[in-house]
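The values are calculated or read from the model by the stated rules, or taken from the named source; none is laboratory data. Every value quoted in this text rests on a predicted model; they were computed, and no experiment measured them. With ideal geometry, Cβ positions are generated from the backbone for all residues, glycine too; neighbour counts draw on all protein chains shown. The accessibility values were calculated without ligands, DNA or RNA, using every heavy atom of the protein model including side chains. Shrake-Rupley method; radii C 1.70, N 1.55, O 1.52, S 1.80 Å.
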Amino acid sequence: MINPFNQYLKDKGDTMNIEVDPASFPVELGYSFVASDTGTVYEIGIRLPDSGNTYTVTLWDGVNQAVLARKNIEVNSPSGFAYFDLTSTNEQVSIAANHTYVISVNTNPVNTPPAGKAVDYNIYDVSRTDRADIFPMTESYITFQYEYTQASYTPTFPGLLSTYLNFLNGIVDIGFRHTGQ
């Protein structure tokens, strides 16, 4: 079992720069990925700066843009990931080898902010201090390929390719278990 992006941040921690970006409008932020062998996505997760907010995270088929899993996840700590265990609701997703998938988050909070508090769409900007590329990023059987975005107040497939390989916005992740063919 592996959480690829979480593992990457642990492995590269001293070369990573993570800063809050006070975004002025909500977007769908996601990463395309492929698995080098069959397996199962058993959890989906996010790391965002605003504790107490709940966000919608979606696992997509990257080819036909079908929703494979979608869950609302509450951020409990800005310094760690919050995951939803898909096995708890029997909604784990089988992953085919060499097929493109996308994991994304909509940065418009699902929950209403407390009275008097403005809605913010804060995300993290992530870069490497050594200016090396982040994408493509391989951890175990998973390779995150590219970042995609789409301005939207509601979950939508993120169809706009980011051309940066050494910089990304937001942090989303999966929990993957290799099952083999």
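Which numbered condition trips up Val63, out of (1) in contact with a strand residue (DSSP E or B) (Cβ under 8 Å, 6 or more places away or on another chain); (2) within 17 Å of Ala97 (Cβ to Cβ)?
(1)
Yes/no matrix, rows are residues, columns are (1) open to solvent by 50 Å² or more (accessible area, probe 1.4 Å); (2) modelled with pLDDT under 95; (3) charged (D, E, K, R):
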position	(1), (2), (3)
Ser77	no, yes, no
Val105	no, no, no
Thr112	yes, yes, no
Ala118	yes, yes, no
Ile134	no, yes, no
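For segment 26-38, does any single residue satisfy the condition of being assigned to a strand (DSSP E or B), modelled with pLDDT of 90 or more, surrounded by fewer than 21 Cβ atoms within 10 Å (Cβ to Cβ) and over 16 Å from the mean Cα position of the chain (by Cα)? Spell out the reasoning first.
Residues of segment 26-38 assigned to a strand (DSSP E or B): 27-35.
Of the ones still in play, those that are also modelled with pLDDT of 90 or more are 27-35.
Within this subset, residues satisfying the condition of being surrounded by fewer than 21 Cβ atoms within 10 Å (Cβ to Cβ) are 34.
Subsequent filtering for residues that are over 16 Å from the mean Cα position of the chain (by Cα) retains none.
Within segment 26-38 (the criterion being assigned to a strand (DSSP E or B), modelled with pLDDT of 90 or more, surrounded by fewer than 21 Cβ atoms within 10 Å (Cβ to Cβ) and over 16 Å from the mean Cα position of the chain (by Cα)), the answer is no, since none of the residues qualifies.
Could you please find all residues in segment 136-150 being open to solvent by 30 Å² or more (accessible area, probe 1.4 Å) and farther than 18 Å from His99 by Cβ?
Scanning segment 136-150 gives Thr149, Gln150.
Kindly indicate the residue of segment 160-181 that is at pLDDT below 95 and among the small types (Gly, Ala, Ser) and also farthest from Thr87 (Cα to Cα) among those meeting that condition.
This residue is Ser162.
Do you know which residues across segment 51-73 are at pLDDT below 95 and surrounded by fewer than 18 Cβ atoms within 10 Å (Cβ to Cβ)? Explain how you work it out, then say what you get.
First, the residues of segment 51-73 that are at pLDDT below 95: 51-54.
Selection gives Ser51, Gly52, Thr54.
Can you give me the number of residues within segment 151-181 that are surrounded by 17 or more Cβ atoms within 10 Å (Cβ to Cβ) and over 26 Å from Lys10 (Cα atoms)?
Qualifying residue count for the region: 3.
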